[in-house]
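**Student:** One structure follows; several queries about it will come next.
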Amino acid sequence: MEMQSSENTGLNFEKVWAMFKETAEMFKETDRKSREEWQEIKRIISDSDKKAKEEFERRTAESERRFQETERLIKESGKELDRKMGELGKKLGSVVEHLMIPNMKNKFRQLGYTFEKSSPNVLIEDRIHKLYAEIDIFLENGDCAMAVEVKTQPNNNDIRDHVKRMEKLRQYADLHQDKRKLYGAVAGAIIPENVKDHGLKEGFYIVEQSGDTVNIVSPPGTAKAW
């Protein structure tokens, strides 16, 4: 039997090689398209991340701005409230002083003090020696003086402050050759018992508002003279 030539066979080297080349080109094209698609996917993800980050930063900045604005408004409201409370406290203090002064001199007279002069809001100022003190009511005569601290409702800090005030007054008086004895009193419309006890232990008179007049409680023993 005569063998057929390679030209007549279904596949030969050239055909197989051509098929390999075509397949390789197809893989290359598929790989190129896959790479392009992946780059596009990465770009989309990157853009999304960027937008998400920008939105997050925008919202964070807006929240911070609102927080700071709220904090500022709270501080301003607090300052305004403190200012109004301070003004109200001064007005109440002035009312208490006005009610107390006329009766206080008479009540102290019953305790042996004859004060010829009474002055509200006396300022002691000695810049050379750096002595500053403000006295709500200052009762005076030739032998002694009484510094009265007036609060609507005194507390223990007011007692301590008045002790320091009396020490400054003594220094001021000595520097200005004022040898009078200086006494202290704490007056209030409402005085808690613990505050009253503290004041009495420090040697102060306690002056309480009682209706249209005042009651004065003397410290045990004798009042402290500065």
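The values are calculated or read from the model by the stated rules, or taken from the named source; none is laboratory data. Computed from a predicted model, the values in this text were never measured in an experiment. Using ideal geometry, Cβ is built from the backbone for each residue, glycine included, and neighbour counts are taken over all protein chains shown.
**Student:** Could we say that ILE216 is within 22 Å of LYS105 (Cα to Cα), touching a helix residue (DSSP H, G or I) at 6+ places or on another chain (Cβ under 7 Å) and not in a helix (DSSP H, G or I) here?
**Tutor:** Yes, satisfied.
**Student:** Considering each of TYR132, TYR183 in turn, give the residue that is part of a strand (DSSP E or B), at pLDDT 95 or above and either of a type in the set (Phe, Trp, Tyr) or surrounded by fewer than 16 Cβ atoms within 10 Å (Cβ to Cβ) (or both).
**Tutor:** Working: TYR132 fails: at pLDDT 95 or above.
Only one candidate qualifies: TYR183.
**Student:** Whether any residue in the range 165-178 is touching a Gly at 6+ places or on another chain (Cβ under 8 Å), aliphatic (A, V, I, L, M) and under 18 Å from SER218 (Cβ atoms) is what I want to check.
**Tutor:** Yes; the residues of the range 165-178 include at least one that is touching a Gly at 6+ places or on another chain (Cβ under 8 Å), aliphatic (A, V, I, L, M) and under 18 Å from SER218 (Cβ atoms).
Conditions (1) at pLDDT 70 or above; (2) among the aliphatic types (A, V, I, L, M), marked per residue:
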{"site": "THR9", "(1), (2)": "no, no"}
{"site": "MET26", "(1), (2)": "yes, yes"}
{"site": "ASP31", "(1), (2)": "no, no"}
{"site": "LYS42", "(1), (2)": "yes, no"}
{"site": "ALA52", "(1), (2)": "yes, yes"}
{"site": "THR60", "(1), (2)": "yes, no"}
{"site": "ARG66", "(1), (2)": "yes, no"}
{"site": "THR70", "(1), (2)": "yes, no"}
{"site": "LEU73", "(1), (2)": "yes, yes"}
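**Student:** Okay, next question. Would you mind finding the one in VAL195, VAL148, VAL122 that is part of a helix (DSSP H, G or I), surrounded by 13 or more Cβ atoms within 10 Å (Cβ to Cβ) and modelled with pLDDT of 90 or more?
**Tutor:** Residue meeting the stated conditions: VAL195.
**Student:** Please work out which one of (1) in contact with a His (Cβ under 9 Å, 6 or more places away or on another chain); (2) farther than 20 Å from GLU116 by Cα is the condition GLU149 fails and give its number.
**Tutor:** For GLU149, the exception is condition (2).
**Student:** Looking only at the range 198-213, which residues are touching a helix residue (DSSP H, G or I) at 6+ places or on another chain (Cβ under 6 Å) and part of a loop (DSSP other than H, G, I, E, B)?
**Tutor:** Across the range 198-213, the qualifying residue is only GLU202.
**Student:** Quick check on this structure: which one of LYS107, LYS130, LYS201 is within 19 Å of ALA223 (Cα to Cα) and free of Cβ contacts under 8 Å to residues at least 60 places away in the same chain?
**Tutor:** The unique qualifying residue is LYS201.
**Student:** Looking at the range 75-94, is at least one residue closer than 30 Å to ASP143 by Cβ, modelled with pLDDT under 75 and either within 41 Å of the chain's Cα centre (by Cα) or not hydroxyl-bearing (Ser, Thr, Tyr) (or both)? Walk me through how you get there before you give the answer.
**Tutor:** Residues of the range 75-94 closer than 30 Å to ASP143 by Cβ: 93-94.
Restricting the remaining residues to those that are modelled with pLDDT under 75 gives 93-94.
Of the ones still in play, those that are also either within 41 Å of the chain's Cα centre (by Cα) or not hydroxyl-bearing (Ser, Thr, Tyr) (or both) are 93-94.
Looking for residues that are closer than 30 Å to ASP143 by Cβ, modelled with pLDDT under 75 and either within 41 Å of the chain's Cα centre (by Cα) or not hydroxyl-bearing (Ser, Thr, Tyr) (or both), one finds at least one in the range 75-94, hence yes.
**Student:** Restricting to the range 198-216, what's the tally of residues that are at pLDDT 95 or above and not charged (D, E, K, R)?
**Tutor:** Count: 7.
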